[in-house]
Every structure is written in C-alpha cells, then in structure tokens.
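Below is one structure, written out as structure tokens; the observations come after it.
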Amino acid sequence: MKVLPLLLLASMPAFAADPVPPFEGAIERLDPALDALLAADAKIEVLASGFNWSEGPVWLDGSLLFSDVPENTVFRWKEGDIVAASFLKPSGSTDDKSGQGSNGLARDAKGSLILCQHGDRCIARLEKDGSFTKLADNYEGKRFNSPNDLCIASDGTIFFTDPPYGLKGGKAELEFHGIYRLGTDGKVTALSKDVKWPNGIALSPDQQTIYVAVSDKDQPRVMAFNLDGSNARTVFDATPLKSPTRKGGCDGLKVDAQGNIWTTGPGGVLILNKEGKHLGSILTGQATANCAFGDDGSTLYITADMFLLRVKTKVKGAGF
C-alpha cells in the first residue's frame, strides 16, 4: 500500500476515492525581474488536497473559499487547518440537472460572496440566510451558457465570462461565448461575442483594462480589452509552452498592484509583466485552474486540480 504524507491524508475531502499522489512543484525563473516578485527562497506549500477540480479562490471573512465544481461545493480553508471544510453545498446547481457547482467566486464591497453558478447558469449573491439572489441569468432573454469567472470593479460593476463548459448536455441558447458587463443597475452588456472559450477575468490596477484568459486548447492566451470591449489584443500567447509535461492551459488569472499578470497556463501559474513578458512560472505539475491573493495581499493561493497551494509574494495583489 502506498503511504501518503500525513498532510495529504488528513486533508482529503470525504468524496476523494483515489489516493492523492505526492505533490511535486518548483519555481521556474526566466528573468531577473522575477526576483522583485518572488523571493529567491520562495516555496510552494500544500494546504489541502484530494479535491475533484478546485477553482475560484477568494479570501472572505478570515478564510479562503474555493469551489469544487463537479462536487457542487464551496470549501473553506483557514490558517492552521489541515482539512478544508465544506462551506456551501449545493453551490451552483439548485434547480438544474447538470450537477455543476459554482466556479469563479468574488467578494463585493459589502463583503458578500458573489458566485458564477455553472448549474443555474447565472451570477448570484449568497445572502446571510443562506439563500441565493440571482443578479443576472440571461442576455436579451436568452439564458447564459454557464458563467465561469468574474471580477468586481470598485464601483460595483461586475465583469464576467460565459463559455459553455458547465452545460453538460444542456441546451445552449446563445450562439457565442460572451464577455459581459453587469452594471449596478442590473443591465447586462455584451462586451465581446468574438472570443471562444473566455475564462478567467481581472482588472488592471487603474481599472481601465480588462484581462481575459482564453482557454482555447489550440491557442491558450491572455487577452486585453478596453472597458467597453474595444481594442481587443493578445497580451501573451501561451501556445509555445504547451507540452506533454506541462499540463493545463490559460484558465484563471489575477493582477498585482504593479500591473503584473498571474495567469494559470501550461505547467502552473505563469507570471507576466504588464507588457506580457514571461518572467517565470510557479510549476505545480497539475492542470491549474485559478489563483487569488489572500488577506495580507502578498500571499498567492492556487487551486491546482486536486490541490490547494500557496506561495508568499513580494508584491501585493491589485486592490490591497
């Protein structure tokens, strides 16, 4: 019988049926500029493991929340825990048969949890009594595909992506994969109908640019747009990084206070400067879904398939 490290055994959720392999990761340094972002002795910590597909991390009320999409669950991890506890179940499929839970998570200015609900095909807010309030579920009367990830501007505007990953046999009502703006007045505006497989989304520190990770398997990349969706351009093409030994593609991303982009991509988390130069990578050995800065602003939490990881940074996330 294979013996696992105590941390990995203790941190398995109840549904984990298969043994969790030992974690093997490393930090790849490609440019001296990375030294200003990650210390020379920076380490990748395993905080919990055994998840089905971990996604959408966000820091809220002293703990890290993250989705396990296939398990229809939001988990919570706090400092000192060796087990991530179930926080919300169901998390995203309350009246839909897809079984898909929440994906991207965010915190609004009032401290409420805002969710991309795959199964219910909507953007929703979790209320204090445990109920959900749907903030948007359609564009021009047609249901969204399966809202994937989101970010919230300082004025409360929500930007989100809507690829069809969560349909799982459900009928698509829209002919495109949208990038949307949800105004504080509840109005939904399509910023782009031209990008297939838009996924992670984040704002630049000055909140004048939208960054979107595109999960196109043939051309994984990071794109940028003006706030109205104009001036679409590719910031970084991750296609050359694809290889059998570097799992995953461009999925989730965040931006730090200096404008550097921390995007998941082939191999783990790719660290780009604001011009799109690849400075280095946090190699996880896993298809890596997403990342987020924690309560102190200078700890990056990473959801990498079955693992929840973290790395201390020398730069704070945008907004901290």
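What is the magnitude of the charge dipole of the range 24-312 about its Cα centre, with +1 placed on the Cβ of each Lys and Arg, -1 on the Cβ of each Asp and Glu, and no other charges, expressed in debye to the nearest 20? Don't jump to the answer; show the numbers that get you there.
Numbers: 31 positive and 38 negative charges, 83 e Å.
With only Lys, Arg, Asp and Glu charged at Cβ, the dipole is about 400 debye.
Hey, any idea what Rg/Rh is for the chain, computing Rh the Kirkwood way over Cα pairs?
Values: Rg = 18.1 Å, Rh = 19.3 Å.
The Rg/Rh ratio comes out at 0.94.
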Open item on the list: Whole-Hz ³J(HN,Hα) for each residue in the range 34-40, computed from phi via Karplus 6.51 cos²θ - 1.76 cosθ + 1.60 with θ = phi - 60°, x for glycine and proline: what do you get?
Closed with: 5, 4, 7, 10, 10, 4, 4
Open item on the list: How would the range 178-320 be classified by its alpha-carbon gyration tensor: rounded, prolate or oblate, with rounded meaning a/c under 1.5 and the a/b versus b/c comparison settling the rest?
Closed with: oblate
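Taking the range 196-272 on its own, what percent of its Cα-Cα pair distances exceed 15 Å?
Details: 1422 of 2926 pairs.
So the pairs more than 15 Å apart make up 49 percent of the total in the range 196-272.
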Open item on the list: Taking θ = phi - 60°, what integer Hz values does the Karplus form 6.51 cos²θ - 1.76 cosθ + 1.60 yield along the range 180-185, in sequence order, with x for Gly and Pro?
Closed with: 10, 10, 10, x, 5, 8
TODO: State, in angstrom, two size descriptors of the range 34-138 derived from its alpha carbons: Rg to one decimal place and Dmax to the nearest whole number.
DONE: 15.2, 49
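Fewest Cβ neighbours within 10 Å first, please rank W262, W53, W59 accordingly. Spell out each step's value before the answer.
Values: W262 25, W53 16, W59 19.
Sorted ascending by nearby Cβ count, the order is W53, W59, W262.
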- [ ] Run a plain Debye calculation on the range 50-102 (Cα atoms as equal point scatterers, no solvent) and give log10 I(q)/I(0) at q = 0.13, 0.18, 0.29, 0.32 Å⁻¹, rounded to two decimals, same order as the q list.
- [x] -0.29, -0.53, -1.11, -1.25
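Can you tell me which of 35-42, 113-120, 69-76 comes out highest on packing, and rank the rest after it, using the mean Cβ neighbours within 10 Å?
Highest mean packing first, the order is 113-120, 69-76, 35-42.
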Task: Most mobile of K171, K110, K134 in a GNM of the chain (Cα contacts under 10 Å) - done: K110
Task: Residues with amide H under 5 Å from that of A304, placed H, sequence gap 5 or more - done: A289, L309
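How high is the relative contact order of the range 24-312? Use alpha-carbon pairs under 8 Å, at least six apart in sequence, and give a whole percent. Could you put the intermediate results ahead of the total?
On the way: 833 pairs, mean separation 48.8, N = 289.
RCO, the range 24-312: 17 percent.
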Task: Fewest-first ranking of M223, M306, using other Cβ atoms within 10 Å as the exposure measure - done: M223, M306
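With the Cα gyration tensor of the range 87-181 giving a ≥ b ≥ c as the square roots of its eigenvalues, does the rule (a/c under 1.5 for rounded; else a/b larger than b/c for prolate; else oblate) give rounded, prolate or oblate? Could you put the intermediate results ahead of the total?
Values: a/c = 2.03, a/b = 1.23, b/c = 1.65.
It is oblate, given that a/c is not under 1.5 and a/b is not larger than b/c.
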Open item on the list: Using the alpha carbons of the range 123-248, what is the convex hull volume per residue in cubic angstrom, as a whole number?
Closed with: 148
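Per-residue ellipticity at 222 nm for the chain, helices alone: DSSP H runs ≥ 4 residues times -39500 (n - 2.57), over residue total, nearest 500 deg cm²/dmol? Write down the numbers at each step before the final one.
Working: 1 runs with 5 residues, N = 320.
About -500 deg cm²/dmol.
Computed from the coordinates by the stated procedures, all read-outs in this text should not be read as laboratory data. Treat the numbers as computed from the prediction; the structure is a model and nothing was measured. With ideal geometry, Cβ positions are generated from the backbone for all residues, glycine too; neighbour counts draw on all protein chains shown.
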